[in-house]
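Q: Here you go, one structure.
The values are calculated or read from the model by the stated rules, or taken from the named source; none is laboratory data. This is a predicted model, so every value here is computed, not measured. FYI the Cβ positions are ideal-geometry reconstructions off the backbone, even for glycines, and counts take in every protein chain you see. Protein only, heavy atoms only, side chains kept; ligands, DNA and RNA dropped before computing areas. Shrake-Rupley method; radii C 1.70, N 1.55, O 1.52, S 1.80 Å.
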Amino acid sequence: MMTQDVIHILNDPDLIKAREYHMDRLERLYRGETLESPFYLRGIIGESNADAYKEPEKWVEESLTNLSEHAEEILDRKVFHPLGLEKWLYGVHFTDRVFGSELYSDGELFWKNGLKNKIGELPVPDLCHNETWKMAQELTLAMVNSGVKLPFFTTQVLGEPWNQLFNLYKEEALVAFYENPDGLRRDLSVVTDTLVQMHEWYLKTIPEEQFQNVCMAVRCQPRGYGQMCGCSTHLISGELYKEFIEEFDDRIFSVYKKGGMYHLCGNHTQHLPYWSKDPLVKAFQVNGPATDQLKTYYEKGRKDQILYVYFNEETTREVTEEKALEITEGGKRCVLLW
């Protein structure tokens, strides 16, 4: 069991007040205000050696103990260091597993086979009896039942309708745009219905004050916003996105009070003519090649769309922190990922 010292630290009113100082600044940024200084973000995720698949309560206790050792970092006024519990069961392939994909692992890395059924015949998961989903629920309930108020608790990697369908069918999903559009739409609807159910469960189960989506350390948002990974939109034209995908993405974002964010890590600017007109699309986290297109997102996105800028020396070739501040006129509409 956690010690009383850990519980005391992670319920400290002064630390919670420090968290809310940064959350208020983030909310102001989303409202379109120009802040007195750029917004920097780098969260801290609790670590544990316990097996979260088999011992969720022990994993939570050890992770919270680890977080308590870093809790005072949230007092930093320049960089927001939100604390969080986050464990990606089956990596980025959690929802693949919910839909029945076979997964192979090497430690924390997972690979998968595509499904063998035809597009248009995707089985609807029975979430009431789905072992993968039940495992995720148990882990989340262990977080919520811990009784601590300072850390954020996150969802699993739930995916985005097209991103998820591509994971399940691989290149066959691309062919289906032309050869089986009705089947593609039917399966996109099945995926979306399932994702909506999972998002709604998380929103109902995790206290609003402590709810965040995945990658909280670099995607922390004001309360009331959702998030999806738009990675595979790299593969399709803006016209295909508008015709097939947008309505399903909007169904996910509509679960949230205020819309949501896309994580983008490739070449996605072909979708900006549509995203800039969609009131549910509130933010983009640009990563890798997308970071080097920051100027395009800043100039062609809506003036109320926020940009989270992730720097990585291996994938970001051109846009440095200095360049990002220049492009965004000193950090307007911008969260810099420290």
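Q: Would you please give the FRET efficiency between LYS118 and LEU235, computed as 1/(1 + (r/R0)^6) with r the Cβ-Cβ distance and R0 = 25 Å, to the nearest 0.05?
A: The calculated FRET efficiency here is 0.75.
Q: I've got another one for you. Among LEU64, ALA176, LEU83, which residue has its Cα positioned farthest towards the positive end of the charge dipole of the chain, with +1 placed on the Cβ of Lys and Arg, -1 on the Cβ of Asp and Glu, and the dipole taken about the Cα centre?
A: So the residue we want is ALA176.
Q: Can you give me the solvent accessible area of ASP5 with a 1.4 Å probe, rounded to the nearest 10 Å²?
A: Looks like 110 Å² after rounding.
Q: If one computes the Cα centroid of the range 208-255 and of the range 6-45, what distance in Å separates the two points?
A: Using only Cα atoms, the two centres lie 22 Å from each other.
Q: Right, next: So, with +1 on the Cβ of K and R and -1 on the Cβ of D and E, and no other charges, what is the size of the charge dipole of the range 1-133 about its Cα centre, to the nearest 20 debye?
A: For this selection, approximately 600 debye.
Q: Leaving out same-chain residues fewer than 8 places away, which lysines sit with a Cα under 23 Å from that of LYS118?
A: List returned: LYS170.
Q: Would you mind working out the magnitude of the charge dipole of the range 162-259 relative to its Cα centre, with +1 at each Lys and Arg C-beta and -1 at each Asp and Glu C-beta, to the nearest 20 Debye?
A: Value, rounded to 20: 460 debye.
Q: In whole angstrom, and with the biggest value first, how far do the Cα coordinates of the range 16-74 range along each principal axis?
A: Taking max minus min along each principal axis of the Cα atoms, the range 16-74 gives 46, 22, 16 Å.
Q: Next question, about the same structure. In nm, to one decimal, how far is the modelled label at LEU75 from the one at SER254, with both set 7 Å along Cα→Cβ?
A: Distance between the two pseudo-spin positions: 4.7 nm.
Q: Sticking with this one: Compute the label zone of LYS134 within the range 83-98: residues whose backbone N is under 16 Å from the point 7 Å along Cα-to-Cβ.
A: 98
Q: Of (1) 31, 59, 10, 0; (2) 27, 44, 26, 3, 0; (3) 28, 52, 18, 2, which is the value of P(r) over Cα pairs in 20 Å bins from 0, in percent derived from the coordinates here?
A: Among (1) 31, 59, 10, 0; (2) 27, 44, 26, 3, 0; (3) 28, 52, 18, 2, the one calculated here is (1).
Q: Enter the accessible area of VAL6 (Å², nearest 10), with the probe set to 1.4 Å and all protein chains included.
A: Roll a 1.4 Å probe over it and VAL6 shows about 10 Å².
Q: Looking only at TYR262, TYR298, TYR53, which one moves most when the chain is put into a Gaussian network model with springs between Cα atoms under 10 Å?
A: Residue with maximal mean-square fluctuation among TYR262, TYR298, TYR53: TYR53.
Q: For the pair LEU174 and GLU243, how long in nm is the line joining their label points, each one 7 Å along Cα→Cβ?
A: 1.7 nm
Q: While we're on this one: Size of the dipole of the range 147-217 about the Cα centre, Lys and Arg at +1 and Asp and Glu at -1 on the beta carbon, nothing else charged, in debye to 20?
A: 240 debye
Q: Please state the relative contact order of the chain as a whole percent: Cα pairs under 8 Å, 6+ residues apart?
A: It rounds to 18 percent for the chain.
Q: Which sequence of ASP182, ASP193, ASP12 reflects their accessible areas, 1.4 Å probe, from the largest down?
A: The ranking, largest first, comes out as ASP182, ASP193, ASP12.
Q: Related question: Once you place label points 7 Å from the Cα toward the Cβ at ARG223 and ARG28, how far apart are they in nm?
A: The answer from the label model is 1.9 nm.
Q: Also, I was wondering about something else. Check HIS263: other-chain or 5+ apart residues with amide H under 5 Å from its amide H, H built from backbone geometry?
A: Result for HIS263 returns MET228, CYS229, GLY230, GLN285.
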